[in-house]
Every structure is written in structure tokens, then in C-alpha cells.
Amino acid sequence: MTEISCDKRIDVPKSLSDNQVQFFIENGYIAVPNLIESDEIEELREDTVHIARGGYPCEAVQPVSENLSDDQILASILCIHQPHFISPVMKKYVKHPELCGVLSQITAAHIPFWDGSVKCMQSMLFVKPSGFQGQSWHQDEIYIPTRDRSLIGGWIAMDDATVENGCLWVIPGSHRMGYLYSQKPHDNPEEFDSADLESYGFDETLEVPVEVKAGTVVFFNGYLLHRSRKNRGQTYRRVLVNHYCNAWSLLPWSIKEGERPANADRRGVIPVSGVDPYAWKGYEATPKNVHFRHCKAVNDLKTQL
């Protein structure tokens, strides 16, 4: 076998049993409780406020008045995109050893000879206050394509996630064939974020809720059909979800002039397990394009005022 030059290997702990790995392969998701400690969850919550207050240098997120309470600061935010670009705390949890250990066991477990290598390309910090809409049916791989169906989300619950406050709903096994369903406008702005399209053409009655305690991490394959409903509770449903894939897959997230889908490869990635076989390419400089996403609930509040 030809030797490939790689960066230094990243070793991570392995905590899943063979049965748990097989559950993920067959169902496309698994919830692992108590993976993140309570003090770590509190650190994530505090950093969420720090980001929202403009506490890190970022042109798109300017400092806000100290007279505003934390709740006032968070009240308008559905999601903060790519917080690990500016926050060392969020970047730490992208690379959390226990989380990455699970990733090293399941990300590409469907591929023979996979060596457990994983890289990260995205983070999304959902705040989702009371009254905020959810996300309609979708598959993440529509937005972040991989070459080997290895896209995976690591969904860190920063609060207890329940049916009432808008937990994940999934269709177990919907990832198996690697089929990307068509999308259309969802036409339900009361329930789902108006910016979303909705996947369709499958049996929605097969969905199951994934209710979890804070500190649980839900892992799900990029082809798994999933959604979340409106937060009808009185608490936040804060989640840090990071997206990863097999490090051996190219990442044709976008295609530049002169590239083809077969060789396009974005290098704004962070190796988190095993080796990076494409380390010789180098890495793209971390951009500062962090931004907030709001939703219909904010517009409704402005109308009332």
C-alpha cells in the first residue's frame, strides 16, 4: 500500500460498544448521554452570551449595551453560524475528546477499511428562545456534500430538549439508501423558520422524538431525515451542533473556477481524530463570517411593539 504523508495522528478515547455502533449504522442516529459534563455545559452557555454581546473581535457582531440583560440579548437569536471561527471556547468543543472519540467510531463506520479519521467543517449555535420556530424536514448532506455519505452532526444539548421546547425528530433508517429527497417551500411559517425549504416524498408517520437531557450529544448521519418543531415551552433550547465527515473524503462544499465536483475540496477544516491525509494541501485561513439568524418570532415581536 502506498504511504501517504499525513499530519500527526490525533488519538481520542473510544467509549461506544459494538452494539451502539451497529445501532448508528442501522438507524442513522444515536444519543449518547452525559458525554459533556455539567460544568462544561455552563461554560458553553456563558460563552453563548459572550458571543451575543459582541465579546470577540468580529465585524459582523458588534458589542451591545451593558445595560441589557442576558435574556434581552438572547431574545432575538435563533442561531449563530460558525461561532468557532471567533470563539476559542466553541472551538474547544468542536475538538472535545469524548465527542470526537464517538465520531472516530461511527462517522464512516459504513465504509470498509475506514481508519477512524474525522474532520470538522461547520458549527451552528442554536439559542431558540420560547416561541421561536423550528427547522422543517431536511437532510444536512443537501447543504454539505461529501463523497462517501459520511457527513455527521454532533448535536450537544445545552438544555434538556423535549417535545415541548422543540427537540429533534428523526425518521430512523431514512439515511440507508443515500437518497436526497426533493425540497419545496414548507408553507408553515408558524411552525418552521421561514428561511427553510422542506424535504418531502416520504412517510412522516415514521418519525420519533429524540428527547434528551443536557449534556447528551445526539449524532446523526447527513442523509437522515430530521426536523424540529416550534419551542412551545418556557425555556431556551440551546444546542451547539458541529458538522464533521470522514477525513478521507474531499469536501466539495463549493466549486471554484477551474475545479470539478470530483476534485473540489474546501480546506477550512479542523482535523479532530486520526490523520488528515490531505494535510499537504494546507488549510484555509479562518474567515470571520460569523452571523446571527433570526426568525418569524422576532418579526412578530417587532410588529406587536
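Here A108 does not fit the description of being in contact (Cβ under 8 Å) with a residue 60 or more places away in the chain and surrounded by fewer than 17 Cβ atoms within 10 Å (Cβ to Cβ).
Quick grid of which residues meet (1) closer than 19 Å to Q122 by Cα; (2) among the small types (G, A, S); (3) part of a loop (DSSP other than H, G, I, E, B):
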position: I25; (1), (2), (3): no, no, no
position: I51; (1), (2), (3): yes, no, no
position: E59; (1), (2), (3): no, no, yes
position: E66; (1), (2), (3): no, no, yes
position: D71; (1), (2), (3): no, no, no
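Return the total of residues in segment 32-87 being small (G, A, S), surrounded by fewer than 20 Cβ atoms within 10 Å (Cβ to Cβ) and in contact (Cβ under 8 Å) with a residue 24 or more places away in the chain. Counting residues in segment 32-87 that are small (G, A, S), surrounded by fewer than 20 Cβ atoms within 10 Å (Cβ to Cβ) and in contact (Cβ under 8 Å) with a residue 24 or more places away in the chain gives 4. For segment 226-237, a residue qualifies if it is crowded, with 23+ Cβ neighbours inside 10 Å and within 17 Å of the chain's Cα centre (by Cα), and the qualifying residues are H226, S228, R237. Scanning segment 97-121 for residues that are part of a loop (DSSP other than H, G, I, E, B) and not aromatic (F, W, Y) returns T107, A108, A109, H110, I111, P112, D115, G116, S117.
If I ask for residues that are part of a loop (DSSP other than H, G, I, E, B) and either among the acidic types (D, E) or under 19 Å from the mean Cα position of the chain (by Cα) (or both), which ones from segment 181-203 would you list? Those that are part of a loop (DSSP other than H, G, I, E, B) and either among the acidic types (D, E) or under 19 Å from the mean Cα position of the chain (by Cα) (or both): D187, E190, E191, D193, A195, D196, D203.
A Cβ distance below 8 Å, combined with a sequence gap of six or more or placement on separate chains, defines the contacts here; from segment 204-233, residues that are within 19 Å of D140 (Cα to Cα) reach residues that are part of a strand (DSSP E or B) and among the basic types (K, R) in the pairs E207/R227.
Scan G222, G201 and give me the residue that is crowded, with 17+ Cβ neighbours inside 10 Å and touching a Ser or Thr at 6+ places or on another chain (Cβ under 9 Å). Going through G222, G201 in turn, just one is crowded, with 17+ Cβ neighbours inside 10 Å and touching a Ser or Thr at 6+ places or on another chain (Cβ under 9 Å): G222. Do the conditions hold for G178, that is, is it outside any loop (DSSP other than H, G, I, E, B) and touching a residue at least 24 places away in the same chain (Cβ under 8 Å)? Judged against the criteria, G178 is not a match.
Rundown of residues vs (1) modelled with pLDDT of 90 or more; (2) out of contact with any Pro (no Cβ under 7 Å at 6 or more places or on another chain), yes/no style:
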position	(1), (2)
E3	no, yes
F24	yes, yes
N27	yes, no
V32	yes, yes
I36	yes, yes
E40	yes, yes
I73	yes, yes
I80	yes, yes
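Remark: W137 falls outside the filter, which requires a residue to be within 15 Å of G222 (Cα to Cα), surrounded by fewer than 23 Cβ atoms within 10 Å (Cβ to Cβ) and hydrophobic (A, V, I, L, M, F, W, C).
The values are calculated or read from the model by the stated rules, or taken from the named source; none is laboratory data. As the structure is a computational prediction, the values presented were derived from the model and not from experiment. Don't worry about glycine lacking a Cβ; one is built from the backbone with ideal geometry, like all the others, and counts go over all protein chains shown.
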